[in-house]
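Undergrad: Below are the structure tokens for one structure; questions will follow.
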Amino acid sequence: MQPQDFATKEINTWCPGCPNFGISSSAKEALAELANEGKLDAKNTAMVTGIGCHGKIYDYINLNGFNGLHGRVLPVCLGVKLGNPNLTVVGFGGDGDTFDEGVSHFVHACRYNADMTMFVHINQVFALTTGQASAMTEKGFVDGSTPLGQGEKPLNSVLMALELGATFVARGYASDIPKLTELIIKANEHKGMSVVDILQPCVTFNKDYTHEFFQKNIYYLPDDYDRANRETAFKKSLEWDLKKIPLGIIYESDRPSYESQLPQLAEKPLIDKSLGREGINDLFHHFS
Ligand code: SF4
């Protein structure tokens, strides 16, 4: 398959120069490569998106999926996975979507460690609604909703994912398409909950956290970085406060996935089970 096999004919309405284009290109490159290596079946891959500029990716990538409610990417991903664990499940959310409206879902999804991948487009604002502060907006950021400057410190998403139990925690940069493609492939190959933060500066509504800022402060973790060391990963997650921003796989470990431990799924996927009229009557009887 070719990356363009995953393209759609929808008219793209992202702003010119938006790094979301880089995320979409990297995702299509990665999907094609995974499919060609027999590691992914496009027909058995489900994409779930939330609400925000990131959510438009649903229109631009040709996969089966579900464009859900604000902040509800992860519960839908989990529902799809439990309905049919044989599907590859990928979620796309924004930082507002994931860490404001959806933060409780993020907590439990990391804890459960179901085998699915969550890509978080980090632009540190609610971009679709013209740039209001999100949970990841830096202190002091001024916009229409915070004219005196954002008062609170931002949430550290990598630190959270590590603490909550995600078994693959990584960070990429939307404008480095080859490296981001590689990261998306690795995240999909991982068995368990993968969280990939993607730095995606909003070129229209965030004038503080720009390409210039990130290009000055990002660096790639070296090849000999020990990504199995959780303590080192925690230290790496705290570097954001020092304006040093590590990219790559920050942490990876092995832990049984949520769905692999459910006896209800041991025999066959839920989707292949039929309750029938008798079964439904039994359920009504049981809960009445
Ligand atoms: Fe991209 Fe920002 Fe425009 Fe949204 S508002 S499409 S995030 S540049």
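The values are calculated or read from the model by the stated rules, or taken from the named source; none is laboratory data. Values in this document were obtained by computation on a predicted structure and should not be read as measured data. Heads up, the Cβs are rebuilt from the backbone with ideal geometry, glycines too, and the neighbour counts pull from every protein chain shown.
Undergrad: For a quick check of your reading: which strands (runs of 3 or more DSSP E) sit entirely within the stretch 10-126 and have at least 3 residues that are in contact with a Ser or Thr (Cβ under 9 Å, 6 or more places away or on another chain) and surrounded by fewer than 18 Cβ atoms within 10 Å (Cβ to Cβ)? Before the answer, list the steps.
TA: Values: elements: 45-49, 64-67, 88-94, 117-122.
Here the list reads 64-67.
Undergrad: May I ask you to verify whether residue 76 is away from the ligand (no atom under 16 Å from the Cβ), over 21 Å from residue 199 (Cα atoms) and more than 11 Å from the chain's Cα centre (by Cα)? Outline the logic, then answer.
TA: Working: away from the ligand (no atom under 16 Å from the Cβ): yes; over 21 Å from residue 199 (Cα atoms): yes; more than 11 Å from the chain's Cα centre (by Cα): yes.
Yes, satisfied.
Undergrad: What number goes with the only condition from (1) touching a helix residue (DSSP H, G or I) at 6+ places or on another chain (Cβ under 8 Å); (2) in contact (Cβ under 8 Å) with a residue 24 or more places away in the chain; (3) closer than 21 Å to residue 181 by Cβ that residue 65 does not pass?
TA: Among (1) touching a helix residue (DSSP H, G or I) at 6+ places or on another chain (Cβ under 8 Å); (2) in contact (Cβ under 8 Å) with a residue 24 or more places away in the chain; (3) closer than 21 Å to residue 181 by Cβ, the lone unmet condition for residue 65 is (2).
Undergrad: Just wondering, is there one or more residues in the stretch 218-230 that are away from the ligand (no atom under 16 Å from the Cβ), in contact with a helix residue (DSSP H, G or I) (Cβ under 6 Å, 6 or more places away or on another chain) and of a type in the set (A, V, I, L, M)?
TA: Checking the stretch 218-230: not a single residue is away from the ligand (no atom under 16 Å from the Cβ), in contact with a helix residue (DSSP H, G or I) (Cβ under 6 Å, 6 or more places away or on another chain) and of a type in the set (A, V, I, L, M).
Undergrad: Looking at the stretch 106-158 only, could you name the residues that are within 13 Å of residue 95 (Cβ to Cβ), of a type in the set (Val, Ile, Thr) and more than 16 Å from the ligand (Cβ to nearest atom)?
TA: Within the stretch 106-158, just 158 meets the criteria.
Undergrad: How many of the residues making up the stretch 34-59 are within 16 Å of the ligand (Cβ to nearest atom) and in contact with a strand residue (DSSP E or B) (Cβ under 7 Å, 6 or more places away or on another chain)?
TA: 8
Undergrad: Looking at the stretch 263-274, I want the residues that are without any contact (Cβ under 8 Å) to a residue 60 or more places away in the chain and have a partner that is not basic (Lys, Arg) with Cβ atoms under 8 Å, at least 6 apart or on another chain. Which pairs are those?
TA: That search, which allows pairs on different chains as well, returns 264/270.
Undergrad: Same structure, new question: State yes or no: is residue 235 surrounded by fewer than 16 Cβ atoms within 10 Å (Cβ to Cβ), touching a Phe, Trp or Tyr at 6+ places or on another chain (Cβ under 8 Å) and free of Cβ contacts under 8 Å to residues at least 60 places away in the same chain?
TA: Values: surrounded by fewer than 16 Cβ atoms within 10 Å (Cβ to Cβ): yes; touching a Phe, Trp or Tyr at 6+ places or on another chain (Cβ under 8 Å): no; free of Cβ contacts under 8 Å to residues at least 60 places away in the same chain: yes.
So residue 235 does not fit the description; no.
Undergrad: Six or more apart or on different chains, Cβ under 8 Å: which pairs go from a residue in the stretch 175-202 that's more than 16 Å from residue 93 (Cβ to Cβ) to one that's more than 16 Å from the ligand (Cβ to nearest atom) and among the aromatic types (Phe, Trp, Tyr)? Could you list them?
TA: Going by the 8 Å Cβ cut-off, the qualifying pairs are 179/220; 186/168; 190/168; 192/168.
Undergrad: Does residue 168 count as at pLDDT 95 or above, within 16 Å of the ligand (Cβ to nearest atom) and in contact with a Phe, Trp or Tyr (Cβ under 9 Å, 6 or more places away or on another chain)?
TA: Values: at pLDDT 95 or above: yes; within 16 Å of the ligand (Cβ to nearest atom): no; in contact with a Phe, Trp or Tyr (Cβ under 9 Å, 6 or more places away or on another chain): yes.
It is false that residue 168 is at pLDDT 95 or above, within 16 Å of the ligand (Cβ to nearest atom) and in contact with a Phe, Trp or Tyr (Cβ under 9 Å, 6 or more places away or on another chain).
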